[in-house]
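Here the structure is laid out as structure tokens; the discussion comes afterwards.
The values are calculated or read from the model by the stated rules, or taken from the named source; none is laboratory data. Source: prediction; values computed, not measured. Glycine gets a Cβ as well: all are built from the backbone with ideal geometry, and neighbour counts include every protein chain shown. Protein only, heavy atoms only, side chains kept; ligands, DNA and RNA dropped before computing areas. Shrake-Rupley method; radii C 1.70, N 1.55, O 1.52, S 1.80 Å.
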Amino acid sequence: MTSSTSQLEQSLRDLQFSKSDSQETSTVVQWGPSRYSSDVSQYVLVGPFRAPCGNRQLFGFPLIKKELWDIGTISFKHIWPDRTLPDNNVFIAMNSLTFVKIYFGLRVCSMALGKVVGDSENIPAECVSSPGKVLLLVLWRDTESEAACPTQSQVHFLEKKLQRSPGWWVEVPQF
């Protein structure tokens, strides 16, 4: 390997892609090369610093339950195109996360409450469950391994479906 090739690879490893420099630090999405893969083209999310309160950082999309159910229904129809979706709202409500996880090939897919830190103007009002708290579709946590990180294409596809940007959020404990 030539010197210029190794310098280029090192430059690529050091490069971080920022989705939007205009967003507050709580919602900035950055991608960087995997530290554990020799494949320079494999990028993972760059997690933020640990929250001062010690809570986990969650990466995901603000949404309302109806959006999750709609995406779950679409995912069900793609996974099993020949099967009929039961006429039972409880079925889709209980299984939407599983359908989304399978259809998009995600390793992590859950719901949680996140704390709004900084500017909330990019968050649709219907996604705010109570003052300063947002319902999230969680795709990754800062405590997860890089192997569980969603890919840029998975995130981009969900971003197009939900028509909003993902971000990092401070987890609000349930209890």
Tell me which of Leu63, Thr73, Ser96 sits at the most positive position along the dipole axis of the stretch 49-118, charges placed on C-beta atoms (Lys, Arg +1; Asp, Glu -1). Leu63
Anisotropy class of the stretch 39-171 from Cα gyration tensor, a/c 1.5 cut: oblate
Could you tell me the relative contact order of the stretch 60-175? Use alpha-carbon pairs under 8 Å, at least six residues apart, and round to a whole percent. 35
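For the stretch 99-175, take the convex hull of the Cα atoms, compute a quarter of its surface area, and give me that in nm², please.
Averaged projected area of the stretch 99-175's Cα convex hull equals 5.8 nm².
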Whenever you get a sec, compute what percent of the accessible area on the stretch 72-115 sits on carbon and sulfur atoms (1.4 Å probe). 53
Give me the Debye-computed log₁₀ of I(q)/I(0) at q = 0.26 Å⁻¹ for the stretch 59-118, equal point scatterers on Cα only, no solvent, two decimals. -1.14
Accessible area of Val128 in the full protein assembly, 1.4 Å probe (Å², nearest 10): 60
